[in-house]
Each structure stands twice: as C-alpha cells, then as structure tokens.
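Some notes on the structure that comes next.
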C-alpha cells in the first residue's frame, strides 16, 4: 500500500520537518558552504561553475554542474549575452526569497497560489569609474515588490512576510555587512 506524502508549495512537509528536526538535534548539520569557480571569457563576459557544496555534515557533488554566465548590456560595453552582476544579484536575492517564502509557508500550512517579485536597484557609474570619490561603486538601494496570492489569512500572511524577512539568508546578507577576504 502506498501512502501519499503531504506537500505544500511543491515541498514535502515530512521532509521539511525531518530536516528541521535533524538540524535541531545536531546543530552542526546546519553549517553550509557553497562554492563557485568563475572564469573570465572575454570583455565583460564571464562564467561561474557550481558543482560542490558542503551540507548536512558532508561534501556533496552535483551529478551535473550548474553554470551561470555574466555579461554587460551593450550600453555598458558588453555583448548582452547574460545578466550583469547587479541583475544577477537581484536574481540571487529573489531566488532566495522564493525558497524562503515556499519553505516558511509550507511550515505554516499555507498554500501559495502565485508568488512573484518586481525588483530594481540603483548604482552610479561615477563610483565604478572613480570619477567621484564620494560615490560608492556598489548598489545603493534595492526595492522589492512582493506579489503573493495564497490561502492564508491576513494575519498569517503578515506573519509569513515577517518570517521571510527574519530568515532569508540573502535578504540578511544584503542588509548586513559581510566579511570578504580576497587573496591575489
């Protein structure tokens, strides 16, 4: 006799609960290390490879490596073959927000019917080009509009949004300084 596994938002409730219980029982299993190797191709074009990571107490290797490419639009002297770094940063943030919404909604018993984000950010070339030393080269603000349709009550939706802001790894990363060490 086969049993149907309960899922919410494409996430197995049993598996999510099991993972949470594992990490709660053995906190060291919560330590993760993600890796990438990136190479310059030409001009503004580059490619990153993602094939190993450390999770749940051991090393893991993808059966098929994942790749992301980066470039610049032609207006910024690129060949427009891929998103630029700012666009890729927005993708990384919304990718993490998608997972965080789905997992938190699943844990709360909320079914998401649709979820999307409208995101934009600002930067100033004068910082990148060192034309004005007072202007940072980085992103100055990220604006996110969340479009969520679900079966939660208004109070549950409020709690879901608050949980996402508290627990999204990349939301936290973008909101707080991260130590970067670069060797060359």
Legend entry - Cα-based helix-to-principal-axis angle, 13-25 vs the chain, degrees rounded to 10: 80
Legend entry - Hydrodynamic radius by Kirkwood, which averages 1/r over all alpha carbon pairs of segment 50-99, in angstrom: 13.0
Legend entry - 0 to 90° range, to nearest 10: angle between helix 85-108 axis and the chain longest Cα axis: 10
Inset, instruction - Beta carbons within 10 angstrom, averaged per residue: use that to sort the peptides 9-15, 104-110, highest first. - result: 104-110, 9-15
Legend entry - Per-residue [θ]222 nm for the chain (sum of -39500 (n - 2.57) over DSSP H runs n ≥ 4, rounded to 500): -10500 deg cm²/dmol
Legend entry - Two-decimal ratio, segment 84-176, of alpha-carbon radius of gyration to 2.2 N^0.38 Å: 1.30
Inset, instruction - Extending each Cα 7 Å along its Cβ direction at residue 62 and residue 134, get the distance between those two points in nm, one decimal. - result: 4.4
Inset, instruction - Using only Cα atoms, figure out Rg for the chain and give it as a multiple of 2.2 N^0.38 Å. - result: 1.23
Inset, instruction - Any chance you could tell me what percent of the C-alpha pair distances in segment 9-82 go past 16 Å? - result: 66
Inset, instruction - Could you tell me how many degrees, from 0 to 90 and to the nearest 10, lie between the Cα long axis of helix 154-167 and the main elongation axis, the longest principal axis, of the Cα atoms of the chain? - result: 50
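All of the numbers you see were taken from the coordinates with simple rules; none came from a lab. What you see is a predicted model; the values in this text were computed from it and never measured. Backbone-built Cβ (ideal geometry, glycine too); neighbour counts: all protein chains shown.
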